[in-house]
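Peer 1: Quick one: structure below, then a few questions.
Just so it is clear, none of the values below were taken in a lab; they were calculated from the coordinates. Bear in mind that the values here come from a model prediction, so they are computed numbers and not experimental data. Cβ sites come from the backbone with ideal geometry, for glycine too, and all protein chains shown count toward neighbours.
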Amino acid sequence: MAQYLRRSTNRFLKHRYTWIDDDSVPVLDVSDQPTYDSNGIPITTDASPVTEKKCLFLYETITNNENNILMQVPTLYVPYDDPVSERDLIRNVVTQSGVILLDGAMVETVDFTSDIGENAMKVLRLSGAKTV
């Protein structure tokens, strides 16, 4: 049942993204002067990006008890076995037709959706997101 659920949810992953593993980003020496992009995320040239990864990009709406919108958090849904983790960098979230939805962000938290007691998808909440 879990495998069926995972296969079924993968068809909704209509967007693609580029992943840069935090472990592949070189550790900066305290004497280095890192360069940051407009979101405050270090610009790296040594990391090996993985492109064309499946995802669904949405804004998760956070409300209070009166249903007033407090914030909208950029969120990626990815396959449950995707190796992405906290502090990894996300770049170039695009639609199937190539429209850029998000230019860059860092994974702040990783959760799992759990239906019928199994993990169906990873939920990545992003920080420092730059929408286009």
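Peer 1: Let me check I've understood the local charge: for Arg125, count other residues with C-beta under 9 angstrom from its C-beta, Lys and Arg +1, Asp and Glu -1. What total comes out?
Peer 2: Counting the neighbours of Arg125, the net charge comes to -3.
Peer 1: Can you give the net charge of the other residues whose Cβ lies under 9 Å from the Cβ of Asp82, counting K and R as +1 and D and E as -1?
Peer 2: Neighbourhood net charge equals +2.
Peer 1: Return the FRET efficiency for the residue pair Phe12, Val50: r is the Cβ-Cβ distance, R0 is 30 Å, and the value is rounded to the nearest 0.05.
Peer 2: Efficiency, rounded to the nearest 0.05: 0.90.
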